[in-house]
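Remarks on the structure that follows.
The values are calculated or read from the model by the stated rules, or taken from the named source; none is laboratory data. Keep in mind it's a predicted model, so treat the numbers as computed, not measured. Heads up, the Cβs are rebuilt from the backbone with ideal geometry, glycines too, and the neighbour counts pull from every protein chain shown.
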Amino acid sequence: MIKKKTKFRPLDAVIILLCIGFVVYVYYRVKFGLEYKGDWSVIPRFLFRRSSETGKLVTNYLMQGLFATIKLSIWATLLALLAGFVTGLFRTSQNLFLQMVGRAYVELIRNLPPLVLIFIFYFFVVDQIMPLLGLEEFIRTRSDTSKAILAILFAEESLFVQFISGVFTIAFFEGAYITEIIRAGIESIERGQSEAAYSLGLSWFDKMRFIILPQAVKRVLPPLANEFINTIKYSAIASVVSIQELTFMGRQVVAATQYIFETWITVAVMYLVLTLTLSVLVSWVEKKMGQSD
């Protein structure tokens, strides 16, 4: 298929000019209409600060929040992939009970507001699951070296339990959408291949391992990559339950400085850089997958 070359049309120029005009208008309203006195010079201090102990530059609130968002998104996505893969198999199972479990999980997430789910699941995790896992005792009894490694991979000792709770909460929410991606990928494989597998005497496990899943995984990789981007955006919801990710840190900076526009524009740009980078990577993956077909 020959791709047509995109041409720059007069309408494109009009749209660009309208966008520039809108930005200028918003700036004018903020600067003169609201009589807002901003100061962009304060923002770098909340990105990096100079350590009083070593004199070196170290991360401050906003960069700490960005790194926490990245770690939270990665671990939540991995856990959501596991949950989504299992419940996706449930959704395509011949067992009625497993189908009902998978469907109930998906419908619960689909039909409740994310913010309500976050509150319910977060406080359930904190009050019920975390004590059973003994995470507080586990992190408290680790050596200093182990605590340093866990701080790099997850969070500092004082925030470790909250971070893990946030991972579980976002993974629970995001896992439902991954479930449907996995289900659609499995069901997209032609029925004749399953029938051929049974005629060859393959078990359900062998059929899934050798025939269905290798093809389904290839088809669902692009939407799964897009779901990782969604996880980064949904991680902002965790700020309402005091998970110290980027949005939470942005609120802290606003409370400390009262520089609303500078702070939230900086936070938005940080999210944008992160998600656009991943979007480019996802587009590259989709192109490679398309070439391999």
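Output the residue which, of all residues in segment 134-172 that are exposed (fewer than 14 other Cβ atoms within 10 Å of the Cβ) and in contact (Cβ under 8 Å) with a residue 24 or more places away in the chain, is farthest from the chain's Cα centre (by Cα).
Here the residue is Glu136.
Kindly indicate the residue of segment 12-48 that is within 30 Å of Gln64 (Cα to Cα), modelled with pLDDT of 90 or more and of a type outside the set (Val, Ile, Thr) and also nearest to the chain's Cα centre (by Cα) among those meeting that condition.
Leu47
Sort out which residues of segment 129-166 are outside any helix (DSSP H, G or I) and not polar (S, T, N, Q), and write them in order of number.
Selection gives Gly134, Arg142, Phe154, Ala155, Glu156.
If we keep just the residues of segment 241-255 that are at pLDDT below 90 and more than 16 Å from the chain's Cα centre (by Cα), which is farthest from Phe168 (Cα to Cα)?
Among those residues, the one meeting the criterion is Ser242.
Can you give me the number of residues within segment 240-277 that are in a helix (DSSP H, G or I), surrounded by 17 or more Cβ atoms within 10 Å (Cβ to Cβ) and of a type in the set (A, V, I, L, M)?
The qualifying residues number 7.
For Lys218, state whether it is within 30 Å of Tyr198 (Cα to Cα), part of a helix (DSSP H, G or I) and over 18 Å from the mean Cα position of the chain (by Cα).
The answer is yes for Lys218.
Would you tally the residues in segment 137-154 being more than 14 Å from Ala76 (Cα to Cα) and in contact with a helix residue (DSSP H, G or I) (Cβ under 6 Å, 6 or more places away or on another chain)?
Selection size over segment 137-154: 2.
Tell me, which residue of segment 173-184 that is more than 15 Å from the chain's Cα centre (by Cα) and in contact (Cβ under 8 Å) with a residue 40 or more places away in the chain is surrounded by the most Cβ atoms within 10 Å (Cβ to Cβ)?
Result: Ile182.
Could you grab me the full set of residues in segment 225-240 that are within 12 Å of the chain's Cα centre (by Cα) and of a type in the set (Ser, Thr, Tyr)?
Within segment 225-240, Thr231, Tyr234, Ser235 meet the criteria.
I want to confirm something. Restricting to segment 28-67 and keeping residues that are in a loop (DSSP other than H, G, I, E, B) and in contact with a strand residue (DSSP E or B) (Cβ under 6 Å, 6 or more places away or on another chain), which single residue is surrounded by the fewest Cβ atoms within 10 Å (Cβ to Cβ)?
Ser51
Which one is farthest from Val280 (Cα to Cα), of the residues in segment 191-218 that are surrounded by fewer than 17 Cβ atoms within 10 Å (Cβ to Cβ) and either of a type in the set (Lys, Arg) or in contact (Cβ under 8 Å) with a residue 60 or more places away in the chain (or both)?
In this case the residue turns out to be Arg191.
Just to check your reading of the model, which residue among Ile178, Ile74 is closer than 25 Å to Ala268 by Cα and not small (Gly, Ala, Ser)?
Of the residues listed, the single one that is closer than 25 Å to Ala268 by Cα and not small (Gly, Ala, Ser) is Ile74.
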